[in-house]
1. For the chain, what is the accessible area per residue in Å² when the probe is 1.4 Å?
2. Taking θ as phi - 60°, what are the ³J(HN,Hα) couplings along segment 53-58 by the Karplus curve (6.51, -1.76, 1.60), each to the nearest whole Hz, with x for Gly and Pro?
3. Extension gain residue 57-residue 14, at 0.36 nm per residue separation less the Cα-Cα distance, in nm?
4. Taking the Cβ of residue 29 as the center, what net charge do the other residues with Cβ under 13 Å away carry, scoring Lys and Arg +1 and Asp and Glu -1?
5. As an exercise, identify the chymotrypsin sites (Phe, Trp or Tyr not before Pro) in the chain lying in DSSP coil whose Cβ has no more than 15 other Cβ atoms within 10 Å.
6. Could you please report the charge total around residue 41, scoring K, R as +1 and D, E as -1 over all other residues with beta-carbon less than 15 angstrom from its beta-carbon?
7. Taking amide H positions as placed in the peptide plane 1.01 Å from N, state which residues far from residue 11 in sequence (5 or more) or on other chains have amide H under 5 Å from it.
8. What distance in nm separates the two pseudo spin-label positions at residue 6 and residue 28, each 7 Å out from Cα along the beta-carbon direction?
Amino acid sequence: MDEVQQHGQVMHCSVDGNSAGEVYLKLDTEHTAIEVVKALNHRWFGGKLVTATFVKEDDYILKFPSALL
């Protein structure tokens, strides 16, 4: 999380306990999201390769309605 916060503010975070380790982040700006994806994509974490991608904001809110607060 510290590395993510170097680029901007995390507005919402959720770990999908039913997955192999999917983590969802809602960030403060589109620019922050771009920088975080660039920083994390194809890095190793906990012995696993990170694949960072974008989720449309509307889809994110549908999945996590509490992220609107």
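The values are calculated or read from the model by the stated rules, or taken from the named source; none is laboratory data. On a predicted model such as this, the values are computed, not experimentally measured, just so you know. Counting neighbours? That spans all protein chains shown, and the Cβs are built from the backbone with ideal geometry, glycine included. Areas reflect the complete protein model, heavy atoms only, side chains present, ligands, DNA and RNA absent. Shrake-Rupley method; radii C 1.70, N 1.55, O 1.52, S 1.80 Å.
1. Result: 77 Å² per residue.
2. Each residue of segment 53-58 in turn: 9, 9, 10, 4, 4, 4 Hz.
3. So the chain would gain 14.0 nm between residue 57 and residue 14.
4. Result for the neighbourhood of residue 29: -3.
5. 54
6. Cβ neighbours under 15 Å give a net charge of 0.
7. Sorted by chain and number, the residues that satisfy this are 26, 27, 28.
8. In this crude label model, residue 6 to residue 28 measures out at 1.7 nm.
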